[in-house]
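Single-structure report; data block below.
The numbers here are math on the coordinates, done by the rules we state, and not lab data. Quick caveat, the model's predicted, so the values are computed rather than measured. In this analysis, Cβ positions are derived from the backbone assuming ideal geometry, glycine residues included, and neighbour counts consider all displayed protein chains.
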Amino acid sequence: MKTKCFASVWRSLAICALFSFAIGYVTNSIWGGPYWMHYLIALVFGVVGTITGMLIDILFPKMSTFWTFLLSAPITLSIGSAHTWYWISPYYDNFNWSLMLKVVLIALFFCAAIYYYFFSREQNLEMASALQQAELERLKAEQALTYSQLKLLQSQIEPHFLFNTLANLKALIAVEPKQAEVLLDKFTELLRVTLKKSRQESIRLEDEVAGISAYLAIQQIRLGERLQFSVELASPELNQHQLPPMLLQPLVENAVFHGIEPKAEGGRVTVQIALNQQRWQISIEDNGIGFKQAAKQGNGLALGNIQKRLASLFPNQASLNIHALDQGGTLALLEFPCEQ
């Protein structure tokens, strides 16, 4: 705070010094004489006015800029005029009221001009600060809305998936107990990651991959040989990086539910994750029935939610593109900044 205060004082004095060059030039062109004297007289007026105004601000912090000017102007004119007469008195035998009146009027004019500059600058700074605060509040509100939408999305997905998985588990216990055990392990892992996601605004890629892998493993048990999958990382070091939760899983769920499951012979889901120049580059590809056919079944809600979250979390810095592949299937490309 003190550093900022001192910086503001020196900045104001520097501006006064620059104004004094122009004022000294004007008065020198009117009365002549050495320029340095005119500059010094103008500089004292400016310094006294600046310091007086700052002292009034410190003593009366709630006082408006206009009243600060009205209080500081007489003090500035009195001290500045006395200083002016000190320098020009050797040129006159007696006190020159006419000359000093002109000096006071010129000083008053330039004081008003400098006041207007600082007042306008203060108004602009206040307006910029208000706009910045309003933008900050808007971003906070959008993030809160996005977080609530994430919660709603999780609450909508989890019960549906929970009941299906439990039904599969019940059916497997009697006929394939080892498969049931694998399913239970994967389901436990998925619940662990999902619970972790619901409590954090960002998670490690390792946890996100664990959740996706557990989900795909559960669906593989349900669909059998009709579903094959792989999750590929460009480097193992990526596991420790952070990213927002629930961005990848809805895309993986879409690939299974809308791409692979409706296809009689099934297919494959491939997830590839890379980090390039501090930006996540993620692709989810399936060779299912294709984007156009899947669109008829309705998968726009999840995609819309992801796009809204990306726009809120990374304004103008993220993208989600969906492509229909020529050989059949769908490719989802997700790109956004990496959180440090």
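Amide H contacts for Val269 (H built 1.01 Å from N in the peptide plane; partners 5 or more residues away or on another chain; cut-off under 5 Å): Gln228, Phe229, Ser230. Pairs from the list Lys62/Lys102; Lys197/Lys308; Lys186/Lys263; Lys170/Lys263; Lys263/Lys308; Lys140/Lys196 with a Cα-Cα gap above 28 Å: Lys62/Lys102; Lys263/Lys308.
Phi-derived couplings, Karplus 6.51 cos²θ - 1.76 cosθ + 1.60 at θ = phi - 60°, listed residue by residue for the stretch 22-31: 5, 5, x, 5, 5, 5, 5, 5, 7, 10 Hz, with x used for Gly and Pro. A simple spin-label model places pseudo-atoms 7 Å from Cα toward Cβ; at Arg226 and Ala82 they are separated by 9.8 nm. Remark: the Cα gyration tensor places the stretch 48-87 in the prolate category, a/c being 1.5 or greater and a/b exceeding b/c.
Here the simple spin-label model places points 7 Å from the Cα toward Cβ, and for Tyr91 and Gln240 these points are separated by 7.5 nm. Using the Karplus relation 6.51 cos²θ - 1.76 cosθ + 1.60 with θ = phi - 60°, the per-residue 3J(HN,Hα) values for the stretch 226-236 come to 6, 10, 10, 8, 8, 10, 10, 10, 5, 7, x Hz, with x marking Gly and Pro. Structural descriptor for the stretch 1-107: relative contact order 22 percent, calculated from alpha carbon pairs under 8 angstrom and at least 6 residues apart. Under 17 Å from a point placed 7 Å out from the Cα of Ala113 along the Cα-to-Cβ direction: which residues of the stretch 51-84 have their backbone N that close? Counting backbone N atoms under 17 Å from the label point, the list is 77. A crude spin-label estimate for the pair Glu137 and Leu105, with each label 7 Å from Cα along the Cβ direction, gives 4.9 nm.
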